[in-house]
Amino acid sequence: MRGHPAWELLLPAAAAPARQRGRSLQEALREAVRTGRLAPGTRLPSSRALAADLGVSRGLVTEAYEQLTAEGYLRSDRGAGTWVGGAARAAAPGVRDLAPRPLGTRVDFRPGTPDLSLFPRPAWGAAQRAVLAEMEHRQLGYPDPRGLPGLRSAVAALLARRRGVVADPERLVVCSGVAQAATLLGFALRARGLRTVGVEDPGSPEHARLFAATGLDTVGLPVDAEGLVPGPLAAAGVRAVVVTPSHQFPSGIAYTAERRAELLDWARSVDGFLLEDDYDGDFRYDRAPVGALQGLDPERVAYAGSVSKSLAPGLRLGWMLVPEALLDEVVERKRTMDLGNPALDQAVLARFVTDGGYDRQLRRCQRAYRERRDALVAALERHFPGTEVTGIAAGLHVIARVSAAYGPTPRFLERAATVGVSLRPAEDYGTARFDDGAVRLVIGYAHLTPAEIALGVGLVAGAYGG
């Protein structure tokens with residue numbers, strides 16, 4: 001053993017406490033093989049010799065050799081000793097973090113992110129402690145794949161009160177946000193024979209990617225000032241479509257009552273369904289939010305929402321109210337996909353909702369986000385006079401039409417990038433193209449302070465000498 005550098009890895013294992021020594025020796029040998037310190041084909045000392053050199057019992061070494069031989073790390077030829085096998089390969093070094101990260105710019109105006117510093121840590125922690133103290137042991141078992149009854153009842157009452165939905169707790173499925181809701185619905189639609197789903201154009205690119213994962217194609221359908229246009233919808237031959245009627249993403253409009261009625265008439269006429277993505281329906285700043293489309297026909301509209309904008313996307317908690325015709329397939333898919341969301345997290349959210357913490361959090365976010373939207377509109381008007389901010393006063397982003405004098409759009413984005421400001425053009429979200437030369441931007445503001453908003457807009461203006 002002496003003279004072989006790999007054997008040095010075994011010395012700490014030999015010095016471990018007696019009760020841990022055998023396991024430590026096995027793990028040290030595994031690691032030496034995995035990392036290549038003991039190369040394939042290397043002959044190991046006899047159990048007697050290695051035990052003597054390490055100062056441990058021969059039984060510990062023999063047991064380690066036998067265990068690693070059974071696992072494939074070593075091989076033993078009768079009468080010829082023990083050798084390092086060739087099955088093990090070194091793992092890739094390091095642990096990568098693939099979570100989305102800022103671009104490293106000074107001010108990031110890309111939309112879609114709430115202010116994570118607003119997460120109610122003390123209130124959430126209090127709810128968690130209360131749940132841990134009161135939760136029965138049986139509730140830590142596999143939950144109903146639809147979600148804990150207490151959470152489904154709490155969320156159903158919340159949605160009926162705040163969003164005007166028809167909320168039957170028996171048809172509410174707790175899921176990991178709107179992304180999983182869309183995936184579950186996609187599988188259910190495909191099981192009914194559908195092959196294509198309509199999506200808004202402009203709209204969120206994520207919808208197409210999510211449905212593609214379920215084997216469904218998507219077709220973009222135009223949106224005008226009233227909402228999704230019914231004519232192209234009928235001509236496309238689809239029987240399901242995703243809509244954002246309370247605050248269309250990214251245009252910022254609210255569907256008119258007439259357009260809502262037309263879409264429901266279409267769904268009934270083709271035995272079809274609408275998926276209502278209510279991604280930020282609670283955040284309306286000039287008046288009460290428009291009620292959800294689902295409330296008009298719960299048998300034709302699947303309603304999806306989450307706490308991603310109100311609390312934090314990392315909680316991975318959301319819900320979907322499912323039409324009766326799709327419920328069994330959605331629940332079975334949820335069961336096979338993940339056996340249900342974590343019971344403890346569900347119980348904490350239920351407690352947070354029923355104790356009034358969620359309503360308080362929404363009011364807190366509404367105040368902050370309204371202030372930031374106002375700060376953005378004021379900064380744009382100050383530095384880029386004549387900028388038109390379109391859409392309703394709601395949500396976490398605006399559409400800004402900046403004068404053609406600052407265009408074309410690629411030049412505007414390039415100048416912004418040179419001063420450390422990240423922006424997304426409206427063209428990223430749809431196929432529509434404009435020939436007026438104006439710069440159209442989708443600007444997120446919720447995650448920025450008023451000071452950061454003013455700084456970012458000022459930096460871009462400075463790039464133009466303003």
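Annotations
- By definition, a body whose alpha carbon gyration tensor gives a ≥ b ≥ c is oblate when a/c is 1.5 or more and a/b is not larger than b/c, and the range 285-333 fits this oblate description.
- Potential extension, TYR285-ALA378 segment - 0.36 nm per residue separation minus Cα distance: 31.9 nm
- Cα gyration tensor shape of the range 1-153, rounded if a/c is under 1.5, else prolate or oblate by comparing a/b with b/c: prolate
- Surface share of carbon and sulfur [accessible, 1.4 angstrom probe, percent] for the range 1-148: 52 percent
- Sequentially through the range 8-25, phi angles give Karplus couplings (6.51, -1.76, 1.60; θ = phi - 60°) of 4, 5, 8, 5, x, 5, 5, 8, 5, x, 3, 6, 9, 5, x, 5, 5, 5 Hz, Gly and Pro residues having no value and appearing as x.
- For the chain, calculated [θ]222 nm from helices alone, where every DSSP H run of n ≥ 4 adds -39500 (n - 2.57): -13000 deg cm²/dmol
- Ordered by 1.4 Å accessible area with all protein chains kept, SER24, SER153, SER422, SER117 run largest first as SER117, SER153, SER24, SER422.
- Label point 7 Å beyond Cα of ALA404 along Cβ direction - residues of the range 439-466 with amide nitrogen under 12 Å: 439
- Look at (i) 1.29; (ii) 0.91; (iii) 1.00: the one that is Cα Rg over 2.2 N^0.38 Å derived from this structure is (i).
- Accessible area (Å², per residue) of the chain, counting only protein heavy atoms and a probe of 1.4 Å: 46 Å²
- Anisotropy class of the range 202-313 from Cα gyration tensor, a/c 1.5 cut: oblate
- Relative to the current alpha-carbon distance between ARG363 and ARG121, full extension at 0.36 nm per residue lengthens the span by 85.5 nm.
- A straight line joining the Cα centroids of the range 43-96 and the range 142-182 runs 53 Å.
- With the simple model of a label 7 Å out from the Cα in the direction of the Cβ, ARG19 to GLU414 spans 7.0 nm.
- Centre separation in Å (Cα based) which lies between the range 273-308 and the range 325-348: 21 Å
- Separation of alpha-carbon centers, the range 400-415 and the range 7-29, rounded to whole Å: 65 Å
- Residues of the range 205-244 with amide N under 20 Å of a point placed 7 Å along Cα→Cβ from ARG195: 208-221, 233-242
- Using a probe radius of 1.4 angstrom, the carbon and sulfur fraction of the accessible surface of the range 325-466 is 51%.
- Here the spin labels are modelled as points 7 Å beyond Cα on the Cα-Cβ line, and at ASP428 and LEU264 they lie 3.6 nm apart.
- Extension gain for ALA39-ALA234 works out to 63.6 nm (0.36 nm per residue, less the C-alpha to C-alpha distance).
The values are calculated or read from the model by the stated rules, or taken from the named source; none is laboratory data. Everything numeric here is computed off the predicted structure, so don't read it as measured data. FYI the Cβ positions are ideal-geometry reconstructions off the backbone, even for glycines, and counts take in every protein chain you see. Please note that ligands, DNA and RNA were not included when accessible areas were found on the heavy atoms of the full protein model with its side chains. Shrake-Rupley method; radii C 1.70, N 1.55, O 1.52, S 1.80 Å.
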